[in-house]
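Shown next, in structure tokens, is the structure this report addresses.
The values are calculated or read from the model by the stated rules, or taken from the named source; none is laboratory data. Just so it is clear, the structure is predicted and the values come from calculations on it, not from any experiment. Cβ sites come from the backbone with ideal geometry, for glycine too, and all protein chains shown count toward neighbours. Note: accessible area is taken over every heavy atom of the protein model, side chains too, but ligands, DNA and RNA are not part of it. Shrake-Rupley method; radii C 1.70, N 1.55, O 1.52, S 1.80 Å.
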Amino acid sequence: MAMRSSVEIITEWDIVTARQLGRNEAKALGFGTVDQARITTAISELARNIYLYANVGFIEIEKIETDAEKKIIIIATDQGPGIKDVREVMEDGYSTSGGLGAGLPGVNRLMDTMTIHSVIGEGTTIRAEKWLR
């Protein structure tokens with residue numbers, strides 16, 4: 001069974017809403033507190049990127065629960081400027097906002113899988129999964 005929820009990211013308060021939704025969904029699926037924190041942090045990073053670089057977008061949270069697997073999928077989508085060099089933004093320390101540069105590499109470390117699809121002038125979609133073990 002799959003269930004999907006979505007939060008539109010326009011303001012900083014929407015980042016908080018997306019984080020809370022992600023934590024609640026992870027907890028309901030049976031993730032422990034450490035993995036809940038990992039998922040929440042990943043959502044925060046993805047939502048903040050939408051807010052900072054694309055101005056508007058969506059965080060979708062999908063719960064997959066079958067006899068064979070349980071996982072949470074986070075999908076961040078926007079119609080922003082796109083990422084010019086995906087490999088470069090995946091390098092630790094790279095930042096265009098003056099931050100620590102831990103955003104997308106951090107999300108990649110926190111989650112089990114992460115894929116990025118970005119087209120200049122059209123936007124970006126990032127999909128990250130965390131499996132319940």
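Under the criterion of Cα pairs below 8 Å and six or more residues apart, the relative contact order for the chain equals 25 percent. Each of R109 and T17 was given a label point 7 Å from its Cα along the Cα-to-Cβ line. The distance between the two points is 3.1 nm.
Averaged per residue, the chain has 56 square angstrom of accessible surface, using a 1.4 angstrom probe with ligands and nucleic acids left out. Listed by chain and number, the aspartates and glutamates whose alpha-carbon sits under 13 Å from that of K84, ignoring those within fewer than 8 places in the same chain, are E122.
Length gained on full extension, A37 to E65: 8.1 nm, using 0.36 nm per residue less the C-alpha separation. Just to confirm a number: summing +1 for Lys and Arg and -1 for Asp and Glu over residues other than E8 whose beta-carbon lies under 15 angstrom from that of E8, what do you get? Combined, the nearby Lys, Arg, Asp and Glu give -1.
Between N24 and D85, the distance separating the two model label sites (each 7 Å from Cα on the Cα→Cβ line) works out to 4.2 nm. Its Kirkwood hydrodynamic radius, worked out from the mean inverse distance over all distinct Cα pairs, puts the chain at 14.7 Å.
Within the straight-line cut-off of under 16 Å between alpha carbons, the lysines reachable from K27 are K63, K70, K71, K130, sequence neighbours fewer than 8 places apart in one chain being disregarded. Dividing the summed helix terms, -39500 (n - 2.57) for each DSSP H run of n ≥ 4, by the number of residues in the chain produces a 222 nm estimate of -11000 deg cm²/dmol to the nearest 500. Note on the chain: with neighbouring protein chains present and a 1.4 Å probe, carbon and sulfur make up 50 percent of its accessible heavy-atom surface.
In the chain, the longest principal axis of the Cα atoms and the axis of helix 33-49 are about 30 degrees apart.
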